[in-house]
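Colleague: Following this message is one structure expressed as structure tokens.
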Protein chains: 2
Amino acid sequence: MTQTVIEQLQSHRSIRKFTEQPIEESLLRALIAAGQSAATSSNLQGVSVIRVRNPQTRRAMAELAGGQEYIEEAAEFLVFCADLNRSGWCCERSGKAMADGMTEHFIISTVDVALFAQNVVVSAESEGLGICYIGALRNDPQQVSELLALPENVYPVFGLCLGYPDQAPACKPRLALDAVLMEEHYQPVNEALMVQYDETMRAYYQERTGGELDRVWSQEVSALLGKKSRPHMRAFLESKGFKMR
Amino acid sequence: MTQTVIEQLQSHRSIRKFTEQPIEESLLRALIAAGQSAATSSNLQGVSVIRVRNPQTRRAMAELAGGQEYIEEAAEFLVFCADLNRSGWCCERSGKAMADGMTEHFIISTVDVALFAQNVVVSAESEGLGICYIGALRNDPQQVSELLALPENVYPVFGLCLGYPDQAPACKPRLALDAVLMEEHYQPVNEALMVQYDETMRAYYQERTGGELDRVWSQEVSALLGKKSRPHMRAFLESKGFKMR
């Protein structure tokens, strides 16, 4: 392999069209083992991964995710869950009551999940696979929980499609590095860099759509942040024991 | 490089002792660029990284983190922040009011941070650097915010020490893969695998401490989850605009 790891990571893009080639069982297990090797707060290992193969379950998830049919088509579809259920077992075994519902525990387990998943992603891409994260499982986390029989103290953070790519999209440009790396203190928003990025993204979308889409980044972000995204999340999390105490 | 990426990831361990060798500026920037290339929900890019070089700031953070002196000693110390301040700028530019305080936005930005950081970590380790995540910045996130002048809608998720390793610790064993990878549905806790892991960890600690430390994993976890960890987090997050709505 002549590509360095840094070059590999910098060439990441999401894949939404996959060939029918399956992923070898031994490779899938190696990816999960790489995920397990990621850092985890106090060795908590607050992560469970549910591998979904049942076509009905895949279809239900594709639908609740707003019609993302690659959830049905990908060689593998994994649901990454923040898991404090095992921790509950540990507390019981040690004769302690679990301090349930702490915001801090929510953060720890959510971060654990993301570090684990990103290791799976990096491993997968190093082996020629493509991936797509599916945050839209949070459109209906209650239904996801029912489909997967998730117990209390477990919630689905996101899904992940994995398979051999059947498309080769360009990398999406990112903000200027100096807009996100700051020295010593937080720096006020650098408007020149933002406006420049807006124009970069306008050109990117124009090129991708043959001139049809005229949109800039700040519009995209304001579409996301200007509305009450997934307002059910708080009540859902509470119902699963993540009470934000 | 003969080591595969999967082998590299599986050999991760935290480094807490570093040589005095600095990290080349160009390498540091390449690591951050690799971080930026990680997936980000709806291209939000809800991450800012603050590079802390000032020795007084480093010392203050080492102290509030409970005396982790490698925060002072590492070649670089980065604080990873979930950042919706830039999103606020985008909303303003688009003439929209930001729906502030949504739990979903908290999740998106926190996950964005973790995916970004893990790419930095994987890149760093591929170049011979060692790392240590510092979740203990959340011991006193208010002081961290003041030291770094963090505005509203920005919170410090964790820190990261980076440098050339001056130690070679063994990898910490993880749970059996079959305890975290589940087929189709959530599986009840597999007690046999848990008990087996407890014994693996007992042997690991015995070996590391010359027989002094007699501790198992379930005890460690119950020590963390059996107490109200960082009970200030909720009020702190609210004060920064993350209101868990």
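Colleague: Criterion first (within 11 Å of chain B (Cβ to nearest Cβ) and small (Gly, Ala, Ser)) does A:Ser218 satisfy it?
Modeller: The answer is yes for A:Ser218.
Colleague: Filter segment A:89-132 down to the residues that are without any contact (Cβ under 8 Å) to a residue 60 or more places away in the chain, among the small types (Gly, Ala, Ser) and over 30 Å from B:Glu238 (Cβ atoms), then identify the one that is farthest from the other protein chains (Cβ to nearest Cβ).
Modeller: This residue is A:Gly128.
Colleague: Separate question: Can you name the number of the only condition in (1) modelled with pLDDT of 95 or more; (2) in contact with a Leu (Cβ under 7 Å, 6 or more places away or on another chain); (3) under 18 Å from A:Gly46 (Cβ atoms) that A:Phe116 fails?
Modeller: Going through (1) modelled with pLDDT of 95 or more; (2) in contact with a Leu (Cβ under 7 Å, 6 or more places away or on another chain); (3) under 18 Å from A:Gly46 (Cβ atoms) one by one, A:Phe116 breaks only (2).
To keep it simple, each residue is scored yes or no on (1) more than 27 Å from A:Val49 (Cβ to Cβ); (2) in a helix (DSSP H, G or I); (3) more than 10 Å from every other protein chain (Cβ to nearest Cβ); (4) under 22 Å from the mean Cα position of the chain (by Cα).
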| residue | (1), (2), (3), (4) |
| --- | --- |
| B:Cys171 | no, no, no, yes |
| B:Met182 | no, no, no, no |
| B:Tyr186 | no, no, no, no |
| B:Leu213 | yes, no, yes, no |
| B:Leu224 | no, yes, no, yes |
| B:Arg234 | yes, yes, no, yes |
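Colleague: Kindly state which helices (runs of 4 or more DSSP H) lie completely within segment B:1-87 and contain at least 3 residues that are touching a strand residue (DSSP E or B) at 6+ places or on another chain (Cβ under 9 Å) and either crowded, with 22+ Cβ neighbours inside 10 Å or at pLDDT below 95 (or both).
Modeller: Numbers: elements: B:5-10, B:25-36, B:55-64, B:70-73.
The qualifying helices (runs of 4 or more DSSP H) are B:25-36.
Every residue, every condition in (1) assigned by TED's automatic domain parsing to the domain that holds B:Phe106; (2) at negative phi; (3) out of contact with any helix residue (DSSP H, G or I) (no Cβ under 6 Å at 6 or more places or on another chain), yes or no:
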| residue | (1), (2), (3) |
| --- | --- |
| B:Glu184 | no, no, yes |
| B:Gln187 | no, yes, yes |
| B:Gln196 | no, yes, yes |
| B:Ala203 | no, yes, yes |
| B:Thr209 | no, yes, yes |
| B:Gly226 | no, yes, no |
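Colleague: Of all residues in segment B:188-211 being of a type in the set (Val, Ile, Thr) and part of a loop (DSSP other than H, G, I, E, B), which is modelled with the lowest pLDDT?
Modeller: If we take residues in segment B:188-211 being of a type in the set (Val, Ile, Thr) and part of a loop (DSSP other than H, G, I, E, B), then B:Thr209 is modelled with the lowest pLDDT.
One line per residue, one yes/no per condition, for (1) surrounded by fewer than 15 Cβ atoms within 10 Å (Cβ to Cβ); (2) more than 30 Å from B:Glu238 (Cα to Cα):
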| site | (1), (2) |
| --- | --- |
| A:Tyr164 | no, yes |
| A:Met182 | no, no |
| A:Asn190 | no, no |
| A:Arg208 | yes, yes |
| A:Gln219 | no, no |
| A:Arg230 | no, no |
| A:Met233 | no, no |
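Colleague: In this structure, is A:Gly159 in a strand (DSSP E or B), more than 7 Å from chain B (Cβ to nearest Cβ) and either under 30 Å from B:Gln3 (Cα atoms) or modelled with pLDDT of 95 or more (or both)? Steps first, answer last, please.
Modeller: Numbers: in a strand (DSSP E or B): yes; more than 7 Å from chain B (Cβ to nearest Cβ): yes; either under 30 Å from B:Gln3 (Cα atoms) or modelled with pLDDT of 95 or more (or both): yes.
Against the criterion (in a strand (DSSP E or B), more than 7 Å from chain B (Cβ to nearest Cβ) and either under 30 Å from B:Gln3 (Cα atoms) or modelled with pLDDT of 95 or more (or both)), A:Gly159 qualifies.
The values are calculated or read from the model by the stated rules, or taken from the named source; none is laboratory data. Nothing here was measured: the structure is a model prediction, and the numbers come from that model. Cβ sites come from the backbone with ideal geometry, for glycine too, and all protein chains shown count toward neighbours.
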